[in-house]
Amino acid sequence: MQDIVTRHWGRPVTAAEVDAALEEFPSDDLAPPHGLLVVALDGAEPVGCGGVRFLPDGIAELTRVHVVAPTRRRGIGAAVVRELEARAREAGRTLVRLDTRDDSVEARAMYARLGYREVPPFNDAPYSDHWFEKRLAQ
């Protein structure tokens with residue numbers, strides 16, 4: 001969260017600002033049966049994560065997909081997304097959605113490579129600028 005908030009504000013952020021962001025956008029629902037959070041490890045070191053929410057009508061929503069800066073460009077983000085898609089498929093979801101910001105240029109490129117297409121907004125997330133979706137093969 002520190003990296004995300006720092007990027008948004010364009011400056012180093014305080015612990016209080018990170019705490020405020022976590023309070024404003026909680027992830028309490030990223031646990032069964034409503035969702036889950038996966039963590040990518042390099043040995044015992046966490047290097048990435050991602051969450052999926054299981055929504056009604058066969059929809060899954062990806063969130064909190066992040067890879068720590070020193071380990072980017074090694075395919076970790078794509079591996080996290082593929083794992084989340086597999087978990088969504090196992091949970092009976094057929095459509096995956098996500099939203100992201102303008103400054104998440106690398107993430108938007110990754111989603112496009114993974115077959116996500118940009119769509120009109122499907123939520124009113126205050127910090128989102130781009131919305132994507134992908135149909136899952138069953």
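Name the residue, out of V52, V47, that is under 23 Å from W131 (Cα atoms) and of a type in the set (V, I, T).
Only one candidate qualifies: V52.
Filter the stretch 64-77 down to the residues that are in a strand (DSSP E or B) and among the β-branched types (V, I, T) and list them by number.
Listed by number, the residues that qualify are V65, V67.
Which of the residues that make up the stretch 90-125 are under 14 Å from the mean Cα position of the chain (by Cα), β-branched (V, I, T) and outside any strand (DSSP E or B)?
Result: V105, single match.
For (1) within 19 Å of D29 (Cβ to Cβ); (2) in contact with a strand residue (DSSP E or B) (Cβ under 9 Å, 6 or more places away or on another chain); (3) surrounded by 15 or more Cβ atoms within 10 Å (Cβ to Cβ), each residue gets a yes or a no:
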position	(1), (2), (3)
A60	yes, yes, yes
V65	yes, yes, yes
G75	no, no, no
R97	yes, yes, yes
R108	no, yes, yes
N123	yes, yes, no
S128	yes, yes, yes
F132	no, yes, yes
Q138	no, no, no
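Go through (1) surrounded by 13 or more Cβ atoms within 10 Å (Cβ to Cβ); (2) modelled with pLDDT of 95 or more; (3) not in a helix (DSSP H, G or I) and name the single condition R87 misses.
The one condition R87 does not meet is (3).
Suppose we filter G50, G115 for residues that are touching a strand residue (DSSP E or B) at 6+ places or on another chain (Cβ under 9 Å), within 22 Å of E24 (Cα to Cα), among the small types (G, A, S) and surrounded by 12 or more Cβ atoms within 10 Å (Cβ to Cβ); which single one remains?
G50
Looking at the stretch 41-63 only, could you name the residues that are over 19 Å from R89 (Cβ atoms), of a type outside the set (A, V, I, L, M) and assigned to a strand (DSSP E or B)?
Hits for the stretch 41-63 are D42, E45, P46, G48, C49.
Assess whether T71 counts as being within 20 Å of E118 (Cβ to Cβ), surrounded by 13 or more Cβ atoms within 10 Å (Cβ to Cβ) and among the hydroxyl-bearing types (S, T, Y).
no
The values are calculated or read from the model by the stated rules, or taken from the named source; none is laboratory data. These numbers were taken from a predicted model, which means no experiment stands behind them. For neighbour counting, all protein chains shown are included, and Cβ atoms are generated from backbone atoms with ideal geometry for every residue, glycine included.
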